Amino acid sequence: MDARRGAQPDKSEDGFTIIEMVVSLAILAVVMAPLAGVFWSAMRTAGTANHRTDGSSIASRELEGIRAVPYAQVGFYSDQTGYVSSFESRSTVLLGSTSPSSGTLIPQIQPQTPDPNAASTFAPDPDPSNASPVVQGGVSYSVKRYIVWANAQDASTTYTQAYKRLTVIVTWSDQAGAHTVRQDSLLYPGGLGQYNGSTTTVATTTTTVLNPSAPVLNPITGLADPAGETQIPLTWSQPAGGAAVTSYTIEYSTSSSFPPGNFSVINGLAPSITNYTVTSLSANTTYYFVVIAYAGANSATSNVQSFTTLPVAAPTCTYGQLNVTGATTLSTTGTILLSSGKVRENLTLSWTTTGTCPHSYAVKAVDASNNNDPGSPYTLVGSSGTYTATVNSSGSKLWSTGLHIFTVWDTSTNTATSVVKTFKICAKGSTSC
C-alpha cells in the first residue's frame, strides 16, 4: 500500500446510522405494543382469579360458620338488618319477630356482613347499621346469607321443612368488573330418623339415646273473659327416658298443617318450665300448638292441641232509676199547676248508668191520654254514666192534670228502655192529689 495515501478505516467497525436506529426502534415498538396488552391482560386475569379464589374461600368459611351454630338457632329474626321473608320462592327460617338482647338465644347469624369490630362473624352485631364488607387482599367483599326451608319427598309423601337450605353470596368489584360467588348447602338436624313434619313426633332410630323424649301437650282449658279473648294457657309434661332437656320451643299456627310463613315461634323456654300462656292472639280464632323439647341440637315434638279464643264480649250497660227533682210542692212525686196551666217551677230529670252505654238517650213524657207533654222529648246530656235534662215551666203549651209517665228512650235505636217514672200534675189549689 502506498504510504502517501494514509491508513483507510476498517468498514467492519462502522456503527448504525441514526436512520437505522429509528427504524429499529419503530419495529420494536410495533412488536411490543400487542405483547404489552397480552401481558397486562394476563396480569388482570391472574388478579381476577386470585380474587375469585378469595371470594370462594370466604363463602366456604361463612357456610362452615353457619353449620357450627346449633340447629335450633340457625335462622333469622325479622328485625335483623338485611332480613327478607323469602328467597327464591322459599320461606326464610324465622326464629321470631324480635331479636333477644341477652341470654343464649341472641342472634347467632346476621343476614348481611356484620361489623368487623364484632367479636365474631357469627356473634350479634352491636350496631348492624355500621355493617362493613370483608376486606381481603385489598378487595372489599360483601356477604349476604340466606337460610330457607327446603322440603324432602319420597315416593308417596312430601315432608315439609325437612331441611334448612343455606346460601352464601359473596360479591366484589375489581379492575375486571363486578363478580359474584355463590355456595349452597343443606343442613339437617341429624339423628332424628325420618322427618314427618313439624306437627308430628319424630321417631328416633339411633341405638344411643341422644334425643329428649317427646313432650305431652295436655288438653287446653281456656281463660275467662276478657283474658280468654287474646290468651291461651298451655301445660305439658316431659316423659323420662330421653336425653336431658336444655330448652323448650312453642310453635303455633291458625292452620293444623303449620305451613311455612303461617306459624309463630316462642324460643328459649327454660327446661324447668312446663306451662306457658301464649298472648297477643286474635279473638274468636282457632289456634294449633306443639311443644318442642331440645337437648342441644336434637329435638322431639309433642302432639298437637288446638283451642279457640273467646269472641269479643258485647259491651254491658246497666240502667239506673230516673229521678225528678225541683218540685217544691209534692217533692219527687208531683207538682201543682199555676192558674196559667203551667208548672210552678223547672223540673230536673237525672239518670245514671253503669258499664258501657254507647248510645244516646232522651226522656219522653206523656199524659194519661198518651199526648206528649210540653217540650217532650227531653234530651239527656252527660258523660261517665250521669245524665240530666231540664223540663222548662215556660212555654205556650199547657200541662194537663193527672198522672204523667216519663220513659227513658234509646234514640240510637228508637226504642223505649225499661226505665219508667210516674209523676203527678195537680190542679191549682190542691194540697195533694
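Laid out as a table, the results:
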read-out: Flag if THR277 is assigned to a strand (DSSP E or B) and farther than 30 Å from SER384 by Cα; value: yes
read-out: Answer from PHE289, PHE263, PHE307 - the residue that is within 30 Å of LYS164 (Cα to Cα), modelled with pLDDT under 95 and either in contact with a helix residue (DSSP H, G or I) (Cβ under 8 Å, 6 or more places away or on another chain) or among the aromatic types (Phe, Trp, Tyr) (or both); value: PHE263
read-out: Complete set of residues in the range 221-257 that are touching a Ser or Thr at 6+ places or on another chain (Cβ under 6 Å) and farther than 29 Å from ALA313 by Cα; value: TRP236, PRO239, GLY241, GLY242
read-out: Residue match in the range 377-392 (condition: touching a Cys at 6+ places or on another chain (Cβ under 9 Å) and modelled with pLDDT of 85 or more); value: yes
read-out: The range 185-220, residues that are under 16 Å from VAL291 (Cβ atoms), part of a loop (DSSP other than H, G, I, E, B) and modelled with pLDDT of 50 or more; value: ASN211, PRO212, SER213, ALA214, PRO215, ASN218, PRO219, ILE220
read-out: Subset of the range 289-315 [more than 25 Å from ALA240 (Cα to Cα) and surrounded by 17 or more Cβ atoms within 10 Å (Cβ to Cβ)]; value: PHE307, THR309, LEU310
read-out: Any hit, the range 363-374, residues being surrounded by 15 or more Cβ atoms within 10 Å (Cβ to Cβ), of a type in the set (D, E, K, R) and modelled with pLDDT of 90 or more; value: yes
read-out: The range 247-281, subset among the polar types (S, T, N, Q) and more than 24 Å from SER91 (Cα to Cα), residue surrounded by the most Cβ atoms within 10 Å (Cβ to Cβ); value: SER247
read-out: Single residue of the range 223-246 satisfying the filter (in a loop (DSSP other than H, G, I, E, B), loosely packed, with under 15 Cβ neighbours inside 10 Å and not hydrophobic (A, V, I, L, M, F, W, C)) that is modelled with the lowest pLDDT; value: GLY241
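The values are calculated or read from the model by the stated rules, or taken from the named source; none is laboratory data. Note that this is a predicted model, so its numbers are computed, not measured. FYI the Cβ positions are ideal-geometry reconstructions off the backbone, even for glycines, and counts take in every protein chain you see.
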